[in-house]
Structures are given as structure tokens and as C-alpha cells.
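Here is the structure we will look at, set down as C-alpha cells.
Quick note: the coordinates plus some simple rules give every number you see, no bench work behind them. Just so you know, these numbers come straight off a predicted model, no measurement behind them. Ideal geometry is used to build each Cβ from the backbone, glycine not excepted, and the neighbour counts take in all protein chains shown.
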Amino acid sequence: MEFKPHSLLQNVGWIEVIAGCMFSGKTEELIRRLRRAEIAKQKVVIFKPKIDNRYSKDSIVSHSEQSLPSILIENDKEILNLSADAQVIGIDEAQFFSSELVNVCNSLASSGKRVIIAGLDQDYRGVPFEPMPQLLAIAEYITKTLAICMVCGNPADKTQRKTISAERVVVGAADIYEARCRKCHYIPEDK
């Protein structure tokens, strides 16, 4: 292998996925990584889906009220245009995007960017939540976060919906959802 001076090395991008249930610290971990990139003077841009308006329209916000400014988008492909100058791209609530997010993230990583994605890996029934399974498959780095079961206190990796709805996506927080372990999780009957 021939030695190349540092200035001739190509940027290598990659994908990091932070997955888990609600209240497991996914957004906190995303914010922590993005803040470290900002401290390192890297150009960071952060995106969240328009559907997620729980805490703020112009920031990603964790349940523990940590936040960073973000861009609200409707379409996955907007990320490509809005991150042209960025070195690090953060994407929160990936489960609310379409399967096109996989292609967008692959394209960004292939162009030398670090892409950090956070999202629910399962819906309230415990079914894999697209496009997270596909993102997990292409990621170089994966972090699975766990919460604490609100019933028994054991490690929790399920999101329990406390309300009845036939809709797969119901945006909410502690008013509608809580973390549960495998034993305490149940699938509510849809009406």
C-alpha cells in the first residue's frame, strides 16, 4: 500500500443509528454527539420531520428538555439539498420518514459525511418501525438504548401505548406512551 500524505486522503463518511423505545434517551444521545461535533468546529445540520411538533418546531428536544436548533422538513430528499455544506448531519425521529431516508443517508455517507440518526426501532405493537430496520442494516455504528419499565423497573425496550387508536402513528409523549419491558408490554386492542 502506497503512503498518501494526509491532504490527499479522501473523506470517509459513515452512518450511526441510535435506536430504542420511547424514553430511552435516543434524542439525548443524538444531541450529545452533535454537540461534540460542534465543539470540534465541525459544520453540523440537524433535521426533524414536520409531524413531530411535540416540544418545538425549530429544535430537536429530548424528554429531559435538552435541545438543539433543527430544520423542520416534509420530504426526506430535502435533507440532501440542505446539508450540502455540512460535515455532520443529525436526523431525529427517523421512524416518521419514508423508506427514501435510506437512500438519502447512503448518499450522504458516500459523499464523506457523518450521518447520525435516532428513532424508534419498534412501534407500540413491538413491530419493526420502517425505515429503522433498513437503516440499522446499512449503519456502520449502532447504539441500542434502553429505558426503565414503568411497571416493574426492569430494562425496557418496548413502547406501550396507553390510549386506544387504530393508527400506527400517534404523536405524543408521556400522556400517551410509557416504556415497558418484554414481560409487562401488551398490545392494546384497536377500536
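Here the label points at LEU72 and LYS144, each 7 Å from Cα along the C-beta direction, are separated by 3.5 nm in the simple model. Ordering ASP175, ASP92 from the fewest to the most neighbouring beta carbons within 10 Å gives ASP175, ASP92.
Would you be so kind as to identify which of TYR141, ALA156, VAL127 lies farthest towards the positive end of the dipole of the chain, taking Lys and Arg as +1 and Asp and Glu as -1 on Cβ and the Cα centre as origin? After comparing all options, I get ALA156. Taking only the alpha-carbon positions of the chain and ignoring solvent, what does the Debye formula give for the base-10 log of I(q)/I(0) at q = 0.12, 0.18 Å⁻¹? Normalising to I(0) and taking log10 leaves -0.58, -1.20.
Across region 161-166, coupling constants 3J(HN,Hα) worked out from phi with the 6.51/-1.76/1.60 Karplus curve, θ = phi - 60°, read 8, 9, 10, 9, 7, 7 Hz, and Gly and Pro carry x. Close amide H pairs (under 5 Å, H built 1.01 Å from N) link ILE117 with GLU16, VAL17, ILE18, ILE91, residues at least 5 positions away or on another chain.
About its Cα centre, the chain has a charge dipole of approximately 400 debye under the convention of +1 per Lys or Arg Cβ and -1 per Asp or Glu Cβ, with nothing else charged. Short-range pairs are left out: with C-alpha atoms under 8 Å and at least six residues apart, the relative contact order of the chain is 28 percent. Per-residue ellipticity at 222 nm, computed for the chain from helices alone with -39500 (n - 2.57) per DSSP H run of at least four residues, works out to -5500 deg cm²/dmol. Coupling constants for region 20-37 follow from the phi torsions by the Karplus curve (6.51 cos²θ - 1.76 cosθ + 1.60, θ = phi - 60°), and in residue order they are x, 8, 5, 6, 9, x, 4, 5, 4, 5, 4, 4, 4, 5, 5, 4, 5, 5 Hz; glycine and proline get x.
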